Structure formats: structure tokens, C-alpha cells
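A short reminder: the numbers here are calculations on the coordinates, not readings from a lab. Predicted model only: the values in this text are computed from it and were never measured. Every residue, glycine among them, receives a Cβ derived from its backbone with ideal geometry; neighbour counts consider all protein chains shown.
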Amino acid sequence: MSTNDKAVKLAKMKTNAIIISAVKDYRKALRRQRKKPGNRTVAAEVREIERFFHSEWYGMLTDVDCDFLIRKCKEECAYDGKRVSKTSVQARP
């Protein structure tokens, strides 16, 4: 494997880690919001993560449609924290 291939692979791994971390944080925030619907701090966290999903930076990191991702996370969190399906997140090649 060439140095360039290693660099590309490392970049993809970092990109995937960023998206996966944001999805995990979003799911946690949605669950907290469901438990405490009037909590402004939690609502602000949900909005902040949604802004990231709609950002230009997110669009540069992945081809996964942000609205699809948000909808799937909300569906998963609507079932008492039980996942309906795993969302596959892939970085741009």
C-alpha cells in the first residue's frame, strides 16, 4: 500500500469518525429531549447538531442525505431507544 493510499484511508476513517460521533450525539440528545421535552439546553443541542448536518462541511464529508439521516435518527429514538435499523454512513471516496 502506497503512502498516498494510506493517507486516503486515514482521511476516510477520520471522516467516518466525525459523522458517527455526530450521529451518536444526536441520538443521545433526541432521547434526552424525549424524556425532558421542555429542557431548553437539550433543545439547543438538538438544533446545533441539526445545523451541523445541514452545513456545507457535512456535505463535504459525506454523500449521506442529511434529512434522511435526521429522519432515521428520529425514527430510532421514537421507539424507547430501541433501534429500528442501523444507519450506514459512508465517507466520500
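A few remarks follow.
- Where labels lie 7 Å past Cα in the beta-carbon direction, separation of E48 and M1 in nm: 3.4
- For the listed residue pairs K14/K35; K12/K36; K12/K74; K14/K72; K35/K72, the alpha carbons are over 30 angstrom apart in K14/K35; K12/K36.
- The slack in the chain from K35 to K12, taken as 0.36 nm per residue of separation less the alpha-carbon distance, amounts to 4.8 nm.
- Derived scalar couplings ³J(HN,Hα) [segment 42-56; Karplus, 6.51 cos²θ - 1.76 cosθ + 1.60; whole Hz; x for Gly, Pro]: 5, 4, 5, 5, 4, 5, 5, 5, 5, 4, 4, 4, 8, 7, 5
- Close amide-amide hydrogen proximity is noted between T62 and R92, each under 5 Å apart and 5 or more residues distant or on a separate chain (H modeled in the peptide plane; Pro and chain starts excluded).
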